[in-house]
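Below is one structure, written out as structure tokens; comments come after it.
The values are calculated or read from the model by the stated rules, or taken from the named source; none is laboratory data. Values in this document were obtained by computation on a predicted structure and should not be read as measured data. Counting neighbours? That spans all protein chains shown, and the Cβs are built from the backbone with ideal geometry, glycine included. Keep in mind that these areas ignore ligands, DNA and RNA; they rest on the heavy atoms of the full protein, side chains included. Shrake-Rupley method; radii C 1.70, N 1.55, O 1.52, S 1.80 Å.
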Amino acid sequence: MSNKQSFKVCFCFKRIFRVKVAEPPEDIKNLFNQYAENGTITIDNLQNFLIEFQGEPNATKEDAQTIFNSLRHLNIFQRKGLHLDAFFRYLLGDLNPPFYSKVHHDMNAPLAHYFLFTGHNSYLTGNQLSSDSSVHPIINALLQGVRVIELDLWPNSKKNGVEVRHGGTLTSPVELIKCLRAIKDHAFTASEYPVVITFEDHLPSNLQAKVAKMVTETFGGMLYSPHSEFIMEFPSPESLKRRILISTKPPEYHESQRPRESGATDNKDNEQDDQDDQDEDEENAIPEYKQLIAIHAGKPKGGLDIWHIDPIKVRRLSLSEQELENATRTRGSDIVRFTQRNLLEVYPKGTRLDSSNYDPMLGWAHGAQMVAFNMQGHGKYLWIMEGMFRANGGCGYVKKPDFLLALGPNNEAFDPNEPLPMKTNLKVKVYMGEGWHSDFHHTHFDLYSPPDFYVRVGIAGVPNDTKMMETQPIEDQWVPVWNKEFIFPLSVPELAVLRVEVKEYDTSGKHDFGGQTCLPIPELRTGIRAVPLHNRRGQKYKSVRLLMGFEFDYVE
């Protein structure tokens, strides 16, 4: 069945187009016939399909029954089995997602063994120079599964309270207490795993005392404080469920010193200062404030190499994206070795005033756990970040691949600069798409005709794996069928993300956006899957989705 849709052309006559109802592509018809008996697929047939074709060896009859039950409301459903159209609706439906939605990584390793979904300047609503500070970006980030929230602490104008703002800029402030309460209320809505709050601290001792009281009273038993000042190994995410951890650099000044506020734009730069007298300064810091710190930040004292590994204590080190890039040219394996025990945070360089982001892959490939992003800076790199953290049930913690955690026979760490052989070929087939006619106005893409959609498919990963390809546009179709297969050779599939983007072709070269998603390749479910698409801000469309096929061909 199809309905008609008209478009005005030259204001004098109408072109009439039929809006096609999605029909199964030829491959789907052939697959149905392979598993059908007398024109229907029974529960037993469906279980066999899940095991043999979809690569789900543990699929049970109950799983097949659940799929049957989900289709009962359709007129095309029959109790004896699934007809072709019902089978097709299952393949395009919510019970056939491209990755698993439950936490399944080992969560009992130290925090340093995970990538953490990390925000940068988490309180800003827009750009880095003049936007408002607010609790709303913090709440939104937490609801999206972000596990590391960054707050810049400054004295208020009367010097008697603490506010959060981007120092040395025109950004408006928000009270610290409001931020803390927002974190408490929303920290564990999306995930039960721990939330780390990083303080960039520009406060004198008397206000640090107020912060200590505020944090302790707000979080109470949720707050995790180590039993000793330094720890040899970070606890595990599992042991820290529903706990809040504070991470900051112990104070660098004596009580008599005043805070340094003028012109500061990011206290992380201060972490690169010489800290020879850090121990002495810590002795003068207020004990209550020091006791808040679960994860100590900063460089090693005494002019030691920043990648120095202390055998008796772990810490967090912060570098700008540019500093990391410079260090990776000569110190790749040293950085990987450092991140096997210690935390490395990477943050956007100061020139990203528009809250844009950078390629996260360089940090991940070197084991950096906290690749910090401007969550309001929507675009390709944030989509990749969101794709990585769709893994492991979207809990905000993704276990690092073994090669970043292991040492070789000569005690050497993985070197990301060394070329690697191909491990697998990922075959991706784009069958068709649907849902735009439901989620968009019929003149959204073109005033005079239905849209001409094409799909861009590719890999975000290490440089040798990164690649984008695209289908041809299908003209004048709300339900386009491409039937196009792509093959991607992968040397580091463990860190790769599949990028999918739909565009609407325009002869002017300014192609309209029609949806996007990024999927964690280590968690891709093989077989034929329904792939929901999202808008530019990462929000899932109600109806827009692609039917895609995935297959791994591992190299012997």
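Given a 1.4 Å probe, how much area per residue of the chain is accessible, in Å²? Before the final figure, lay out the partial values.
Working: 24500 Å² over 556 residues.
I get 44 Å² per residue for this part.
Backbone amide hydrogens, once placed in the peptide plane, bring Y541 within less than 5 Å of L533, H534, N535, excluding anything fewer than 5 places away on its chain. Around the amide H of E200, modelled in the peptide plane, lie the amide H atoms of L151, D152, L153, all under 5 Å away and 5 or more residues distant in sequence or on another chain. Our summary gives region 419-554 a relative contact order of 33 percent, counting only alpha carbon pairs under 8 angstrom and 6 or more residues apart.
Dimensions of region 110-234 from C-alpha coordinates, computed as largest minus smallest value along each principal axis and given longest first, are 39, 32, 24 Å.
Let me check I've understood the local charge: for T66, count other residues with C-beta under 12 angstrom from its C-beta, Lys and Arg +1, Asp and Glu -1. What total comes out?
Details: positive: K61, R72; negative: E62, D63, D94.
Surrounding charge for T66 is -1.
Given K178/K540; K210/K290; K210/K301, which pairs have Cα atoms separated by over 19 Å?
On the way: K178/K540 29 Å; K210/K290 13 Å; K210/K301 28 Å.
Violating the 19 Å Cα-Cα cut-off are K178/K540; K210/K301.
Treating each Cα of region 281-431 as an identical point scatterer and summing with the Debye formula, the log10 of I(q)/I(0) at q = 0.11 Å⁻¹ comes to -0.54. When a 1.4 Å probe is rolled over the protein heavy atoms, the share of accessible surface on the chain that falls to carbon and sulfur comes to 49 percent.
Pairwise Cα separations in region 130-200 fall into 10 Å bins from 0 onward with the following percentages, short to long: 21, 51, 24, 4. Start at zero, step by 5 Å, and the Cα-Cα distances of region 29-175 spread as 2, 8, 13, 13, 9, 6, 7, 7, 8, 8, 7, 6, 4, 2, 1, 0, 0 percent across the bins.
L546: net charge of surrounding residues, Cβ under 12 Å, Lys/Arg +1, Asp/Glu -1, itself excluded? The answer is +3.
For region 419-554, take the convex hull of the Cα atoms, compute a quarter of its surface area, and give me that in nm², please.
Values: hull surface 33.1 nm².
Directional mean of the projected Cα hull area for region 419-554 stands at 8.3 nm².
Positive-end ranking of N33, P520, V555 along the dipole of the chain, with charges on Cβ about the Cα centre, is headed by N33.
Here T125 sits with roughly 70 square angstrom of accessible surface, probe radius 1.4 Å.
Here the chain carries DSSP beta bridges of which approximately 75% are antiparallel, counting only pairs with both residues inside.
So between Y554 and D476, what do we pick up on full extension, going 0.36 nm a residue minus the alpha carbon distance?
Numbers: separation 78, 0.36 × 78 = 28.08 nm, distance 3.85 nm.
Extending this stretch completely gives an extra 24.2 nm.
Compared with the alpha-carbon gap, the fully stretched path from K80 to N326 is longer by 82.1 nm at 0.36 nm per residue.
So what is the relative contact order for the chain, in percent, with contacts set as C-alpha pairs under 8 Å and at least six apart? Mind dumping the intermediate values first?
Numbers: 1180 pairs, mean separation 84.5, N = 556.
Relative contact order, the chain: 15 percent.
Residues Y114, Y35, Y554, sorted by accessible area with the largest first, give Y554, Y35, Y114 [1.4 Å probe; ligands and nucleic acids excluded].
If the limit is 22 Å between Cα atoms, which of K241/K400; K184/K349; K158/K299; K159/K349 go over it? Write down the numbers at each step before the final one.
On the way: K241/K400 19 Å; K184/K349 29 Å; K158/K299 32 Å; K159/K349 29 Å.
Pairs exceeding 22 Å: K184/K349; K158/K299; K159/K349.
A simple rule links phi to the HN-Hα coupling: the Karplus curve 6.51 cos²θ - 1.76 cosθ + 1.60 with θ = phi - 60°, which for region 458-466 gives x, 10, 9, x, 5, x, 5, 8, 6 Hz, with x for Gly and Pro. Computed log10 I(q)/I(0) for the chain at 0.07 Å⁻¹: -0.48, from the Debye equation with unit scatterers placed on every C-alpha and solvent omitted. Amide H contacts for G367 (H built 1.01 Å from N in the peptide plane; partners 5 or more residues away or on another chain; cut-off under 5 Å): none found. By the scheme Lys and Arg +1, Asp and Glu -1, what is the net charge of all other residues having a beta-carbon under 9 Å from that of T118? In short, -1.
To the nearest 10, the accessible area of S172 is 40 Å² with a 1.4 Å probe. Protection proxy ranking of 368-374, 80-86, 229-235, 195-201, by the mean of other Cβ atoms within 10 Å over each peptide's residues and highest first, is 368-374, 195-201, 80-86, 229-235.
Bridgeable lysines around K61 (alpha carbons under 27 Å apart, same-chain partners fewer than 8 residues away excluded): K29, K80, K102.
On the principal axes of its alpha carbon atoms, region 73-125 extends 53, 35, 14 Å, with the longest extent given first.
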